[in-house]
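Scroll down for the structure; my scribbles are underneath it.
The values are calculated or read from the model by the stated rules, or taken from the named source; none is laboratory data. Source: prediction; values computed, not measured. For neighbour counting, all protein chains shown are included, and Cβ atoms are generated from backbone atoms with ideal geometry for every residue, glycine included.
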Amino acid sequence: MSLSVAYNTARSSLQASQSQMAVVSRNTSGATDPSYSRKIGVLTTTGGYARVTVLRASDQALLTKMLETTSASATQKALLDGLQKLSQTIGDTQLDQSAAARVGALHSALQQYANAPDNPTLARAFVKAATDLADTLNRATTAIQSVRLEADKGMAGSVDRINDLLLKFEKANQQVMSGSALGADVSDAMDTRDNLIAQLSEEIGITVVPRAGNDIALYTDSGVPLFERTARPVTFSPTTAFGPATTGGDVFIDGIRVTGPGALMPLNSGNLVGLAQVRDGAAVTYQKQLDELARGLIQAFAESDQIGVPKDVDKPGVFTFAGATSVPTMPASAGLAGLIRVNDAIDPTKGGTFEAIRDGGINGANYGYNVTGNAAFSGRLYALTDGMVAERPFDPSFGFGPSASLQGFASLTGSWLEATRQSASQSVEYQTTLLGHASEALSNATDVNMDDETALMLQLEKSYSASAKLLSVIDQMLKNLLNAIG
């Protein structure tokens, strides 16, 4: 081997060692960055010269799994957060503030009043219990609509974040593609791109499709294009106020509906899906259950025509609602729980009398039960007491069965909410554990191991030292040669 060839080989080896040591230094400095993937300096020899190509540690299968679990976890967390807020309508069970507890208190007050129908103190206690129950249903309705509004605002924020991340992803993807075409090191840009994908997966379930030239296309987990050469617009019209009958807006991707009953390709996971499930699913179902409870109360305390031929329709008695002319039918109208109130006719503070509870006649003389005006008349009160514990039909679509007592239905409603919340909590724990395992597996495959980097740096330092020593020997040989010629 000539001295010139030996010199070029040693210099090439020295430069390659320097490049590989620079890669190790990059890995060391990026070890604490969770979005950093380990860089690999691959040594290749072409035409007798060594050069280093920088590659990036990656595992597409593990990345896909992590994205899936991230989206699923975000779905359950958003749902759980909404259910926990709905659970506040039940309150502390020891404080007896739930609808079921209020129904129980009303039944107890009615029983005591029936035993002493001429006692105004017991009548007042009954009116207080009835008012507390109506207020509980009213406040629960308000709370439910507040939760729905908050979820709707969350959906708007999620859509804004998705659009922002897609624009950043488009820039990062263009940087990767242009750099790849020029043969530049694009590993850091690919890290940025993967980090954006991970953030997107928190909001919406996505599928990553690699393409030639290091290009990437993104689709939703239902197959709707989210990014294909360019970012697709995600649109949503937020609702400013919610009532029980209000239907929130749907999310569209490039004009394709992806949420709501009219979606042909609905999203399956992500924070956006969890928020939609709270707004349009759990909260709406809970509202319908409370509306049915309100309907059952109005029906149980309704007055029947005692004289007319033919008899007139049953009309609201102790419990009523604005504009009521008859007892509401099943299923209950949306928001009835927010409208139910105690009839002014039985409240002396509002111009009524306690006797109207005992005697009836709230809706006129034909609806009177105590025709003799007996102060000890208790037949109506005992009938109402029996009506509260009697099985009556409720909307079977809730899965509670075709009939239940008022107390039973109120308890089933609270149990449904708590069971749904508990199920979501367990799902969050499971998905969080699964995400931890997926993240750990991806981390093991792509993150920096400082022990490995330290060992590699020691090897490179030895190689660098050997190349430097060879250059020193060649330099001395050249000097000896020149001295001999001179």
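Scanning the range 140-163 for residues being surrounded by fewer than 16 Cβ atoms within 10 Å (Cβ to Cβ) and of a type in the set (Lys, Arg) gives a total of 1. Looking only at residues of the range 398-427 that are touching a residue at least 24 places away in the same chain (Cβ under 8 Å) and among the hydroxyl-bearing types (Ser, Thr, Tyr), we find that the one that is surrounded by the fewest Cβ atoms within 10 Å (Cβ to Cβ) is Ser425.
The single condition from (1) within 30 Å of Asp194 (Cα to Cα); (2) surrounded by fewer than 19 Cβ atoms within 10 Å (Cβ to Cβ) that Ala245 fails is (1). The sole residue among Thr75, Thr89 that is crowded, with 24+ Cβ neighbours inside 10 Å, in contact with a helix residue (DSSP H, G or I) (Cβ under 6 Å, 6 or more places away or on another chain) and either under 21 Å from Val389 (Cβ atoms) or in the same structural domain as Ala198 (by TED's automatic domain parsing) (or both) is Thr75. The residues in the range 329-363 that are in a loop (DSSP other than H, G, I, E, B), surrounded by fewer than 19 Cβ atoms within 10 Å (Cβ to Cβ) and free of Cβ contacts under 8 Å to residues at least 40 places away in the same chain can be counted, and the count is 4.
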